[in-house]
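Working notes, beginning with the structure itself.
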Amino acid sequence: MFGEFIRRQGSVLDRTDAPRDGVVRVVRRGRGPLQVVHERAIVHETPTLKARVLARGLRLVAKPVLVLLPFTDRTLSFVQRLDELSAKRPRSEHVDRDVRRLGGVHVESMTHRYGPPSEMTVLYFHGGGFFSGSIETHRRVCERLALETGGTVISVDYVQLPHGVVADSVDDAIRAYEALAGESDHPGKLVVAGDSAGGYLAMKVAELATRRELPRPAAIIGFSPLLSLDPDRVDKEGIERVSRVNDAYLPLRRIGTVRRRWLPEESAIEGFESPLDAAELIDSPTFLVAVEDEILRPEVEAMAIQLSARGVEVETHLWRGQVHAFPVVVDVLEESREAVRLAARFARLAVGEEVADETPIADQEHVSAEPITGEVVGEDAASPAVVPEAPRPEPRRRWWQFWRRAA
C-alpha cells in the first residue's frame, strides 16, 4: 500500500528532477521568488486580496494587543470566555455530531453526509498556544475536513493553561488516540491532524505511538505546526531563516513568557520535549503547511528535511501573504479551503482511498521551468518548488454574510 501511495502522489506532484546546485525553481510573481530550503516544497506565491486585508488587519490590531496583554490566569480565563462565543457561530446542517469521552477526554465527532465514501478517522487537535482555542473555535475547519476526506473527524478538547501544562495536554492527546486505536474497526486508517499547538500534539502522538507500540497514524497533517517549545530560537537543526520574521500576530518577544508557563520546573513531558527531536521515531506520511514569514516556518522545513532524509513521504506547502494557521479560517479565505482540500487528498491517498484525477503540477501552464537563483541555507537546501493554483469555487455563503446558514 505504501508503494502505491508514493506512486500516486508522484502522479500529481511530479516535477522535473534537478541537480542539487543551489537553484530554486519558482514562479515569477509577487515581490520576487519565495526562497525555500526544503527540497520539493510546493510554493503558493500570490495571496488573494482578502488574505492581504486579513494579514494587515491582524498586524494592526491583534499583534499590538498580544504584545501588551499580561499573561496571567485572569487573562487566560478572559480569552477562554471569548472562545466560548464561537459556540454561537453557524454550524453545518449537513454534519452528524456525537459528543462523548474518548480515553476520558471530551471529544466531538463530526461526519459530513455529502463527503466521499471513507473508512478514515481524523483525530484533530485545535491550536491556540495551549491556552486558547476549543472545539467550538475550530468546528468549521473540522467540518470542512469531514467533507473533503469523507471520514469522521474527532475534535479533542484537551486540557490547557491555566488548568494544565503542556505535559498534561500531551497526556490527553495520547490517551484519546490510544482509546481510538483500541475501539476502531480500521486502526490502519487513523490520521492525526492539528494546527499550531495542535500540530505539536499530532506529532507527539505519532512519536508516542511508536514508543508505546500502538498502531502508527496512517498520516499526519500539520497546519503551521509548533514543532519545538523554543520557536524563537534562530536556527533549527542547521536550518536558518531565508526570510525575515513578519508574523501577522504572533509576537516573538512574548514567547519566553509563554514558555515558562508551558514548562514549569515540576512538569515532565513523555518522550522528547520537542517533536523536532523525535523525527527518528516518526514514520507516518506527513503533510505540512507553513507561511513564508511566520515564526514557525524554519522548524517546519527542518522537520520536512529530516523526515524526507529517512524516506518518509512528506508534502510541504509554503504560502506567501497568509497568517499563521490560516487553514483554520475556511469560511473566510479561498486559500484556507484549498489547503484543507490538499490535506484531505493527501490523507485519502495515505489510507489507500481513491481521489479525483488532477493535472500534475509540473504540467500546468502557470508553472515556470526556468531556474531562478535564490538564497539556499544548509547542505540539503536545493529546493525545486512550484505553485499549484486550483482554487475551489466560492461557497454559497460569502464571508461577510453572517446571517446566512452555514453550508
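The values are calculated or read from the model by the stated rules, or taken from the named source; none is laboratory data. The model shown is predicted, which means the values in this text are computed figures rather than measured ones. For neighbour counting, all protein chains shown are included, and Cβ atoms are generated from backbone atoms with ideal geometry for every residue, glycine included.
Key figures for this structure:
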{"item": "Filtered residue count, segment 291-313, keeping only those that are outside any loop (DSSP other than H, G, I, E, B) and within 23 Å of ARG52 (Cα to Cα)", "result": "4"}
{"item": "Residue satisfying condition, being more than 22 Å from SER224 (Cα to Cα), at pLDDT 90 or above and surrounded by fewer than 16 Cβ atoms within 10 Å (Cβ to Cβ), within set ARG74, ARG100, ARG81", "result": "ARG100"}
{"item": "Residue within segment 133-146 that is in contact with a His (Cβ under 9 Å, 6 or more places away or on another chain), in contact (Cβ under 8 Å) with a residue 12 or more places away in the chain, of a type in the set (Gly, Ala, Ser) and over 24 Å from THR75 (Cα atoms) present", "result": "yes"}
{"item": "Single residue of ARG337, ARG320, ARG341 found to be touching a Ser or Thr at 6+ places or on another chain (Cβ under 9 Å) and either over 15 Å from ARG144 (Cα atoms) or crowded, with 20+ Cβ neighbours inside 10 Å (or both)", "result": "ARG320"}
{"item": "Those residues of segment 86-117 which are in contact (Cβ under 8 Å) with a residue 60 or more places away in the chain and touching a Lys or Arg at 6+ places or on another chain (Cβ under 7 Å), in sequence order", "result": "PRO90, ARG91, GLU93, HIS94, GLY103, GLY104, VAL105, VAL107"}
{"item": "Only listed residue being within 30 Å of PRO70 (Cα to Cα), crowded, with 24+ Cβ neighbours inside 10 Å and touching a helix residue (DSSP H, G or I) at 6+ places or on another chain (Cβ under 7 Å), chosen from ALA347, ALA290", "result": "ALA290"}
{"item": "Enumeration of residues in segment 88-113 that are farther than 30 Å from GLY182 by Cβ and within 24 Å of the chain's Cα centre (by Cα)", "result": "ARG89, PRO90"}
{"item": "Qualifying residue in segment 133-151 (condition: touching a helix residue (DSSP H, G or I) at 6+ places or on another chain (Cβ under 6 Å), surrounded by 19 or more Cβ atoms within 10 Å (Cβ to Cβ) and of a type in the set (Lys, Arg))", "result": "yes"}
{"item": "Test set (1) modelled with pLDDT under 95; (2) within 20 Å of GLY129 (Cβ to Cβ); (3) part of a helix (DSSP H, G or I) - VAL323 fails condition number", "result": "(3)"}
{"item": "Output for segment 275-289, where each listed residue is modelled with pLDDT of 95 or more and more than 15 Å from THR210 (Cβ to Cβ)", "result": "PHE287, LEU288, VAL289"}
{"item": "Residues being of a type outside the set (Gly, Ala, Ser), in a loop (DSSP other than H, G, I, E, B) and over 30 Å from LEU68 (Cα atoms) - total across segment 248-287", "result": "5"}
